[in-house]
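Read the structure below first, then the notes.
Here, each number is a calculation from the coordinates, and none is a lab measurement. Computed from a predicted model, the values in this text were never measured in an experiment. In this analysis, Cβ positions are derived from the backbone assuming ideal geometry, glycine residues included, and neighbour counts consider all displayed protein chains.
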């Protein structure tokens with residue numbers, strides 16, 4: 001890529017000059033194309049025209065941003081003599097449809113698109129001051145600019161919600177998606193996650209967790225109020241200059257926000273009206289959050305408050321105290337996170353110890369405990385196979401009997417045939433050792449005796465579940481095997497920055513196993529820490545990610561339905577190495593399923609309380 005100096009000596013058009021030229025028919029720059037109709041609230045909406053730009057008319061410079069939807073470059077639109085931002089995409093989807101119809105001072109201006117494959121691009125105005133996120137990391141805002149930018153961001157959201165040709169929910173509002181122009185005007189950008197509003201807008205799991213509303217994290221239907229929640233987080237950033245939930249893992253933040261109703265710490269000496277506004281934006285119930293028009297009224301009122309000058313004078317000193325207050329809270333949160341992690345590890349270890357004791361107890365018995373409602377004669381071939389596998393294993397039995405389990409399965413020995421087998425039958429099945437045939441005959445005789453006793457003299461109590469753990473057990477449980485293939489596709493570009501990848505999870509198993517998956521999530525372990533959730537097959541990321549610093553770590557989590565007793569989830573930390581292309585990891589998981597009508601006495605749903613803040617922890 002070339003540097004900025006290659007065109008600094010030439011006259012460049014301003015956005016206003018360019019608008020005049022583009023609105024003139026027959027302009028030399030491009031041809032106009034019309035995007036498709038969209039249906040909003042049952043009525044078709046005619047989208048605005050946009051300009052088709054020749055890819056060779058763009059001269060690319062440095063990469064200045066990117067995420068799950070594509071990389072952004074600073075570039076020169078040569079024929080227009082204009083410095084622009086160019087987002088390179090795999091496909092032209094919803095973002096061009098949204099941007100082509102929007103025009104507002106606080107929304108990034110869309111110039112056109114490259115529509116010929118494979119070089120799909122969006123061309124917008126270039127924000128010389130970069131993102132708000134980066135600006136706040138290096139610059140401390142005064143109170144006046146804090147309120148001004150909060151109001152201008154709210155004006156942009158108000159346009160999307162109330163004044164645009166159709167209602168648009170941004171869905172991924174955060175400081176990284178707010179840019180600052182050369183005249184210090186803030187503008188909303190990155191509409192890759194946005195949606196046209198309908199009465200039943202359903203949220204797919206996109207975005208960055210610290211800015212996401214609880215209903216978005218849970219994948220519930222959403223409204224404009226999800227942008228209101230995110231706006232409250234951006235105001236918190238403007239006010240404090242801090243990164244929300246800094247140093248806390250994304251899924252830990254999700255748990256705190258949804259399950260514990262925790263919110264960001266609002267410093268105790270914050271301007272009262274601003275503190276109240278943030279609290280209102282973070283209401284758990286979306287209907288209780290203020291509308292953007294109400295937010296604008298509050299901000300305008302603060303800017304015209306007679307105490308405005310006094311608040312501005314003390315703002316800098318207050319911010320120094322806030323940093324210490326927020327840092328103290330973050331440290332408490334990290335301690336809580338470590339305590340939860342240690343507790344989780346202890347519980348996992350206890351579960352493993354219990355599982356080992358159960359296994360040892362099962363193997364120490366000559367036969368599995370049989371209950372009256374599960375006759376050995378009704379055992380399937382698979383259950384006989386499991387019974388054979390349990391013979392031996394340091395239990396005092398001949399330890400090599402279990403090796404014949406596959407022989408029984410190959411000969412289709414079910415429970416009824418098992419009870420009728422003779423020594424001659426065992427020899428005919430290929431068990432040549434006389435000692436092994438005698439040992440097996442002894443085990444089967446004990447099984448017959450135990451089965452006869454329980455069938456004719458059942459225990460008075462039927463509460464105790466047997467220890468048998470076959471494909472179907474008397475304890476109201478079923479075991480199925482699920483095979484998971486976790487991997488990544490990779491499309492190599494000319495440079496690592498142009499390479500693209502996406503994650504997938506393939507599943508294999510019987511019908512019961514295939515329907516046990518509730519959802520699959522992919523968490524990028526490096527900034528921007530995006531989370532993508534898939535609620536139904538195929539479990540593949542919708543959009544390609546543009547290559548960043550390889551290797552890239554992605555945490556894949558497979559969550560199971562409520563009828564799966566254990567495990568509740570399966571996790572795998574996958575490493576994407578662009579130089580190696582696609583790689584696949586295979587994992588086999590045994591699922592314990594509850595049978596219908598068998599309740600789980602160990603689960604309960606705690607009542608939700610109103611939102612709390614970290615300072616109370």
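The alpha carbon centroids of the stretch 282-297 and the stretch 231-253 are separated by 19 Å. When you count the other C-beta atoms within 10 angstrom of each residue and take the mean per peptide, 172-181, 218-227, 281-290 line up highest first as 172-181, 218-227, 281-290. In terms of Cα atoms, the Rg and Dmax of the stretch 480-555 work out to 14.1, 45 Å. Between residue 91 and residue 291, the simple label model (points 7 Å from Cα in the Cβ direction) yields a spacing of 3.6 nm.
First measure r as the distance between the Cβ atoms of residue 306 and residue 380, then evaluate 1/(1 + (r/R0)^6) with R0 = 56 Å and state the FRET efficiency to the nearest 0.05.
Working: r = 83 Å, r/R0 = 1.47.
Computed FRET efficiency for residue 306 and residue 380 comes out at 0.10.
Each part reduced to its alpha carbon centroid, the stretch 510-563 and the stretch 412-434 end up 48 Å apart.
The distance between label points at residue 163 and residue 129 comes to 2.0 nm (points 7 Å beyond Cα on the Cα→Cβ vector).
Can you tell me the length gained on complete extension of the stretch residue 525 to residue 62, counting 0.36 nm per residue apart and subtracting the Cα distance? Walk me through the numbers before you get to the answer.
Values: separation 463, 0.36 × 463 = 166.68 nm, distance 2.44 nm.
Length difference between fully extended and current span is 164.2 nm.
Suppose the chain between residue 280 and residue 498 were pulled fully straight at 0.36 nm per residue; how much longer would it get relative to their current alpha carbon spacing? Display every interim value, and only then the final one.
Values: separation 218, 0.36 × 218 = 78.48 nm, distance 4.23 nm.
In short, 74.2 nm is gained.
Estimated at 0.36 nm per residue, the fully extended path between residue 491 and residue 584 surpasses their Cα-Cα distance by 32.0 nm. So if R0 is 22 Å, what FRET efficiency would residue 540 and residue 55 give, r being the distance between their Cβ atoms, rounded to the nearest 0.05? Given R0 = 22 Å and the Cβ-Cβ separation, E is 0.20.
Taking R0 as 56 Å, what FRET efficiency do you get between residue 407 and residue 182 from their Cβ-Cβ distance, rounded to the nearest 0.05?
Once the sixth-power term is evaluated, E becomes 0.10.
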